[in-house]
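Report on one structure; see the data block that follows.
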Amino acid sequence: MLLAGGGGNTFLLSSLSGRNPSFSFKPSLQCKLACSSQSRAKLDVSLSVAFNPSGNFDLSLSGAYEDTQKVATPLPPTEGRLEIVIDNDAIQQLDLSPVYAIHGDNLAHNPAMLLEKTVGFTINYEREDPYDPRELSEFPDVRLWFVRLDASYPWFPVVLDWRAGELARYAAMLVPHQMSMTKGVVFNPEALELFVMNKVFTVHSWLKQNSIPRCELKTSHMARMLGFGIGEELFHLIEKHPGNPP
């Protein structure tokens, strides 16, 4: 998937294809995002993601549907990460106090520490029907809680424990998708692209404001975890035309 700027600008965003990341997770479900055969027939930009209900993903960025038996064991949560524990009460009340609990009311006062430790979620959600087969990302009340979190802290994806699948699970809470019996979670391609670009702009600005070094690289890595490559031209345009001029 590519976005091109007007006036002859080079491509700024592209889906990654045929590239293998340095880590992988063994999934229980498969999720595949494929481009439209009509509008993108010339591009091999399919994205395969393996999804585990506990929130672990395999970001295997190849065009082919992979044999899950070849995928490594899921990575455990990063040692020492900050854990946000939410339950039915917090979800139903749209209560963000479990988020504040990891770092006090002024959550963003030490971004370097958040980035170093990373953040994860423990979702203790009890279904009304214990036999309800839906994944957590299919429950409207769970998704609404994450919508409020994202509205309050739009930069939050960058501090998540990516390698344990927290970034991909976070995206599943916010990006429209469907469940497939054969592929698992199927993201809406355009929605995922817009989500990634929104976070690129937001996260880059937040890192810059907090004087985090190599903010372009960190932002690019975040997008790459969701299967998108960010061209340097985009960051040049951001620097040339800042969204918050002095």
Quiz prompt | Length added when fully stretched, Asn88-Asp141, from 0.36 nm per residue minus Cα-Cα | solution = 18.2 nm
Quiz item: Residue-wise, which Karplus ³J(HN,Hα) couplings in Hz belong to region 94-99, taking 6.51 cos²θ - 1.76 cosθ + 1.60, θ = phi - 60°, and x for glycine or proline?
Solution: 6, 8, 8, 4, x, 6
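Per-residue counts of other Cβ atoms within 10 Å, averaged by peptide: what ranking do you get for 186-199, 221-234, highest first? Don't skip to the answer; put the middle values down first.
Values: 186-199: 18.4, 221-234: 20.0.
With the highest mean Cβ count within 10 Å placed first, the list reads 221-234, 186-199.
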Quiz item: Tell me, what HN-Hα J-couplings in whole Hz come from the Karplus equation 6.51 cos²θ - 1.76 cosθ + 1.60 at θ = phi - 60° for each residue of region 199-215, using x for Gly and Pro?
Solution: 6, 4, 5, 5, 5, 4, 5, 5, 5, 5, 4, 9, 6, 7, x, 6, 5
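How much length would be gained if the chain were fully extended between Glu116 and Met181, taking 0.36 nm per residue of separation minus their Cα-Cα distance, in nm to one decimal?
Values: separation 65, 0.36 × 65 = 23.40 nm, distance 3.76 nm.
Value of the extension gain: 19.6 nm.
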Quiz item: What list of ³J(HN,Hα) couplings, whole Hz, do you get for region 161-166 from phi and the Karplus terms 6.51, -1.76, 1.60, once you set θ to phi - 60° and write x for glycine and proline?
Solution: 7, 4, 5, 9, x, 5
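Assuming R0 = 25 Å, can you tell me the calculated FRET efficiency for the pair Asn188 and His221, based on Cβ-Cβ distance, to the nearest 0.05? Please report the intermediate quantities before stating the final value.
Numbers: r = 23 Å, r/R0 = 0.94.
That gives a FRET efficiency of 0.60.
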Quiz item: Which cross-chain or sequence-distant (5 or more) residues have an amide H under 5 Å from the amide H of Phe228, H modelled 1.01 Å from N in plane?
Solution: Leu16
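Please state the shape class of region 82-166: rounded when a/c is under 1.5, otherwise prolate if a/b exceeds b/c and oblate if not, all from the C-alpha gyration tensor. Don't jump to the answer; show the numbers that get you there.
Values: a/c = 2.23, a/b = 1.74, b/c = 1.28.
Verdict is prolate for region 82-166.
None of the figures in this text is laboratory data; all of them are computed from the coordinates on show. All values reported here derive from a predicted model rather than from experimental measurement. So basically every Cβ, Gly included, is an ideal-geometry build from the backbone, and we count neighbours across all protein chains shown.
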